[in-house]
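Here's the structure, in structure tokens; my notes come after.
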Amino acid sequence: MTTLRVAVLGAAGRMGRTVVEAVQGAPGLELVAALDRSDDVGALADTGAQVAVDFTVPSVTEANVTALVRQGIHAVVGTTGWTEESLGRVRAELAGRPEVGVLVAPNFALGAVLAVRFAAMAARWFESAEVVELHHPDKVDAPSGTARHTAEAIARARAAVGLGPMPDATQGADSARGAEVDGVRVHAVRLRGLTAHEEILLGNPGEQLTIRHDSFDRVSFVPGVLHAVRAIGGRPGLTVGLDQLLDLG
Ligand SMILES: NC(=O)c1ccc[n+]([C@@H]2O[C@H](COP(=O)([O-])OP(=O)(O)OC[C@H]3O[C@@H](n4cnc5c(N)ncnc54)[C@H](O)[C@@H]3O)[C@@H](O)[C@H]2O)c1
């Protein structure tokens, strides 16, 4: 088996430390660099790195990816904060290095990614769908990015088959019905003791389907990250979302 040489950016952070450990224990992968704030990403090619994993901070991740692409190093990026504009600049950068692959994935938990896909598959068959996300109270944003993404996927699936608005309450406090994302209600629970959880409720007369995902620990991201590290070399250009690498049809 040939060995893939891997670097981790943000290696001193919570996710970075988890990924360093995972790469060190993974067959076929060799950790060749573990960089943090004061290290020079621009000199990473000297280590022989073929793939770099970025779990840093939103303010530096684009510059890191640009530096990686310019050195011909594939990138697997979990850092949040990407916009259409920043993704567009990476696409433009990749035009000059068409052999390089970059994956930007807002969620590396396989179960969370599958839950979104299953919800999108089911949505066309149900009159009603709502999303409930539940997190620890230190999470800064609400609703979560994954819940938004789920609601958008449900809305797209409904629109594709011409489903109209869902039946809803006609009276009461608007806030009691949660946020509305593309016409889909999203409820955010913040409770001490929780980690990261999501439920998608789909209802028809006389039946309900519940799709639930629970993330209990950041090790839940490891299998998705390792899969992406192994797969990204065969996927030149920009890929957004881990689902694109899971062969889900
Ligand atoms: N996609 C996912 O599944 C997923 C999962 C968990 C976290 N995240 C995201 O990953 C990012 C990191 O999360 P975390 O909890 O590990 O944060 P963290 O604050 O624990 O770690 C970030 C690390 O990046 C380092 N850093 C800052 N600037 C750097 C630079 N220029 N070069 C290299 N390293 C630099 C910091 O020193 C720190 O060690 C966040 O954006 C978080 O939202 C994504």
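The values are calculated or read from the model by the stated rules, or taken from the named source; none is laboratory data. Quantities reported herein were computed from a predicted structural model and do not represent experimental measurements. As a convention, Cβ positions derive from the backbone with ideal geometry for all residues, glycine included, and neighbour counts pool all protein chains shown. Ligands, DNA and RNA are stripped out before the accessible areas are found, and what is left, the full protein with its side chains, is counted by its heavy atoms. Shrake-Rupley method; radii C 1.70, N 1.55, O 1.52, S 1.80 Å.
Structural remarks
- Strands (runs of 3 or more DSSP E) contained in the stretch 178-249 and holding at least 2 residues modelled with pLDDT under 95, out of contact with any strand residue (DSSP E or B) (no Cβ under 8 Å at 6 or more places or on another chain) and among the hydrophobic types (A, V, I, L, M, F, W, C): none
- Enumeration of residues in the stretch 96-109 that are more than 16 Å from the ligand (Cβ to nearest atom) and either open to solvent by 10 Å² or more (accessible area, probe 1.4 Å) or touching a Leu at 6+ places or on another chain (Cβ under 7 Å) (or both): GLY96, ARG97, PRO98, GLU99, VAL100
- Unique residue being farther than 16 Å from HIS187 by Cβ, free of Cβ contacts under 8 Å to residues at least 12 places away in the same chain and open to solvent by 10 Å² or more (accessible area, probe 1.4 Å) when the list is GLU93, GLU84: GLU84
- Residue in the stretch 50-69 that is hydrophobic (A, V, I, L, M, F, W, C) and over 14 Å from VAL102 (Cα atoms) present: yes
- Extreme residue, surrounded by the fewest Cβ atoms within 10 Å (Cβ to Cβ), among residues of the stretch 237-249 that are within 19 Å of GLY111 (Cα to Cα) and among the aliphatic types (A, V, I, L, M): LEU248
- Cross-chain or 6+ apart pairs with Cβ under 6 Å, the stretch 222-243 first and within 13 Å of the ligand (Cβ to nearest atom), then of a type in the set (Lys, Arg): ASP243/ARG117
- On the stretch given as the stretch 1-10, residues that are part of a strand (DSSP E or B) and either without any contact (Cβ under 8 Å) to a residue 24 or more places away in the chain or within 11 Å of the ligand (Cβ to nearest atom) (or both) total 3.
- Selection within the stretch 105-126 - of a type outside the set (A, V, I, L, M) and either assigned to a loop (DSSP other than H, G, I, E, B) or closer than 11 Å to HIS197 by Cα (or both): PRO106, ASN107, PHE108, GLY111, ARG124, TRP125, PHE126
- Residue check for ALA129: open to solvent by less than 60 Å² (accessible area, probe 1.4 Å) and part of a helix (DSSP H, G or I): no
- Filter result (farther than 23 Å from VAL19 by Cβ and surrounded by fewer than 17 Cβ atoms within 10 Å (Cβ to Cβ)) within the stretch 197-236: GLY203, ASN204, PRO205, GLY206, GLU207, GLN208, LEU209, THR210, ARG212
- Any hit, the stretch 32-54, residues being at pLDDT 95 or above, in contact with a Gly (Cβ under 9 Å, 6 or more places away or on another chain), within 19 Å of PRO106 (Cβ to Cβ) and acidic (Asp, Glu): yes
- From the list VAL20, VAL32, the one residue that fits, being without any contact (Cβ under 8 Å) to a residue 24 or more places away in the chain and more than 29 Å from GLU85 (Cβ to Cβ), is VAL20.
- Of the residues making up the stretch 182-196, those that are buried (at least 16 other Cβ atoms within 10 Å of the Cβ) and in contact with an Asp or Glu (Cβ under 6 Å, 6 or more places away or on another chain) number 2.
- Exclusive hit being surrounded by 22 or more Cβ atoms within 10 Å (Cβ to Cβ), touching a strand residue (DSSP E or B) at 6+ places or on another chain (Cβ under 9 Å), over 19 Å from THR80 (Cβ atoms) and at pLDDT 95 or above, set ALA151, ALA112, ALA147, ALA119: ALA119
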